[in-house]
Amino acid sequence: MKLTYCVPENKKIRVIIDSDTACEADDPFAIAHALMSPKLIVRAVIAEHFAAPGSMQKSYEAIKRLTAAMELDVNVLSGEEWPLKQTKRISEGVKFIIEEARSQNSHPLYILCLGALSNIARALEEAPDIEQRITVVSIGGRSYEDSMRDFREFNFGNDVEAVNKVLESQVSFWQIPVSAYATIQVGLAELQNKVSCCGQAGKYLYEQMVTFNRSEYASWASGESWSLGDSPAVAVTINPGCGEYKDIQSKRVNPDTSYTDNGKGRLIRVYETIDSRYVLEDFFSKLELNYKLV
């Protein structure tokens, strides 16, 4: 990487990225952001399913395409193929989470979950001893405000049982709900101007975005803009102060992704806002400095 500054060794952290990369077009931007950030020691990128047949494998292949475009040698692993309790075989990704959490490495370990929580929930189920050794940063969940009462949130909805497994554990949990992650809005014109010109990496990121935008799977999108909604997981890991948050008592997540206060909650961190300028400009700058041809 071509950045001229250094991050002090004692401030670096280990990261495992868990991503349903083939689900839609924002995951690759978040993964690329993490891979370009010197504070983050990316130990692996694990493919997550998105509750469709073959979706985990599609995510695995999408991660490989991204890392090839970035010309980086990254540890890419398969994850669970289906939601919690629906598979017996333990995936290589889950095994790696457990091994990495049990290691004696002095750098703290963060699991960045950009989709369902099936992989991290399975790891906690198989190895409860790792609960105190990791921090989970999750993109997912409804707002805690009544105005979003009828909204079924996609990431939590893809494996509600896994979400509750994680929330019922003692693992440190940072949640970025839809009311915060959906604010990272960017126009396709800005991506053409700032991303597509940055070598093969930028070309790949931009082209996979515009290809998805015109596909049948993007019927919900507005047409010439997108939310880079997975990128806040990377941003708050680099800089926990890039948004406003509060500690609240966790609640149980219902099948429709609404919340129920069952009186058994424990403190979790919930981000209420994210500094979109910081998220986008940090990403654009790192991409340009590393990949733009002069």
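From the set of residues in the stretch 252-264 that are assigned to a loop (DSSP other than H, G, I, E, B) and without any contact (Cβ under 8 Å) to a residue 60 or more places away in the chain, which is nearest to residue 174 (Cα to Cα)?
So, considering only residues that are assigned to a loop (DSSP other than H, G, I, E, B) and without any contact (Cβ under 8 Å) to a residue 60 or more places away in the chain, the one nearest to residue 174 (Cα to Cα) is 261.
Take residues that are more than 30 Å from residue 292 (Cβ to Cβ) and tell me which of the strands (runs of 3 or more DSSP E) falling wholly in the stretch 85-203 contain 1 or more. Before you say what the answer is, go through the steps one by one.
On the way: elements: 109-113, 134-139, 172-176, 185-187.
Hits in the stretch 85-203: 109-113, 134-139, 172-176.
Identify, from the list 245, 217, the residue that is among the aromatic types (Phe, Trp, Tyr), surrounded by 14 or more Cβ atoms within 10 Å (Cβ to Cβ), on the phi < 0 side of the Ramachandran plot and out of contact with any Cys (no Cβ under 6 Å at 6 or more places or on another chain).
Values: 217 fails: surrounded by 14 or more Cβ atoms within 10 Å (Cβ to Cβ).
Checking each option against the conditions leaves just 245.
Quick check on the stretch 23-40. Is at least one of its residues surrounded by 19 or more Cβ atoms within 10 Å (Cβ to Cβ), assigned to a strand (DSSP E or B) and either modelled with pLDDT of 95 or more or in contact with a Phe, Trp or Tyr (Cβ under 8 Å, 6 or more places away or on another chain) (or both)? Outline the logic, then answer.
Initial filter on the stretch 23-40 (surrounded by 19 or more Cβ atoms within 10 Å (Cβ to Cβ)): 23-37, 40.
Subsequent filtering for residues that are assigned to a strand (DSSP E or B) retains 40.
With either modelled with pLDDT of 95 or more or in contact with a Phe, Trp or Tyr (Cβ under 8 Å, 6 or more places away or on another chain) (or both) added as a condition, the list becomes 40.
Yes; the residues of the stretch 23-40 include at least one that is surrounded by 19 or more Cβ atoms within 10 Å (Cβ to Cβ), assigned to a strand (DSSP E or B) and either modelled with pLDDT of 95 or more or in contact with a Phe, Trp or Tyr (Cβ under 8 Å, 6 or more places away or on another chain) (or both).
Can you give me the number of residues within the stretch 137-154 that are of a type outside the set (D, E, K, R), within 24 Å of residue 81 (Cβ to Cβ) and out of contact with any helix residue (DSSP H, G or I) (no Cβ under 6 Å at 6 or more places or on another chain)?
2
If residue 195 satisfies every condition in (1) loosely packed, with under 15 Cβ neighbours inside 10 Å; (2) of a type in the set (Val, Ile, Thr); (3) closer than 18 Å to residue 62 by Cβ but one, which is the exception?
Here residue 195 clears every test but (1).
Of these, 178, 163, which one is buried (at least 23 other Cβ atoms within 10 Å of the Cβ), more than 22 Å from residue 67 (Cβ to Cβ), among the aliphatic types (A, V, I, L, M) and under 16 Å from the mean Cα position of the chain (by Cα)? If you could, list the steps in order and put the result at the bottom.
Numbers: 178 fails: buried (at least 23 other Cβ atoms within 10 Å of the Cβ).
It is 163.
If you take the residues in the stretch 212-238 that are touching a helix residue (DSSP H, G or I) at 6+ places or on another chain (Cβ under 7 Å) and either among the basic types (Lys, Arg) or at pLDDT 95 or above (or both), which one is nearest to residue 186 (Cα to Cα)?
Restricting to residues being touching a helix residue (DSSP H, G or I) at 6+ places or on another chain (Cβ under 7 Å) and either among the basic types (Lys, Arg) or at pLDDT 95 or above (or both), the top hit is 228.
Yes/no per residue for (1) under 16 Å from the mean Cα position of the chain (by Cα); (2) surrounded by 15 or more Cβ atoms within 10 Å (Cβ to Cβ); (3) at pLDDT 95 or above:
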| site | (1), (2), (3) |
| --- | --- |
| 48 | yes, yes, yes |
| 59 | yes, yes, yes |
| 62 | yes, yes, yes |
| 68 | no, no, yes |
| 90 | no, no, yes |
| 93 | yes, yes, yes |
| 101 | no, yes, yes |
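The values are calculated or read from the model by the stated rules, or taken from the named source; none is laboratory data. Keep in mind the model is a prediction, meaning the values are calculated, not measured. Here Cβ is always computed from backbone atoms with ideal geometry, including for glycine, and neighbour counts include all displayed protein chains.
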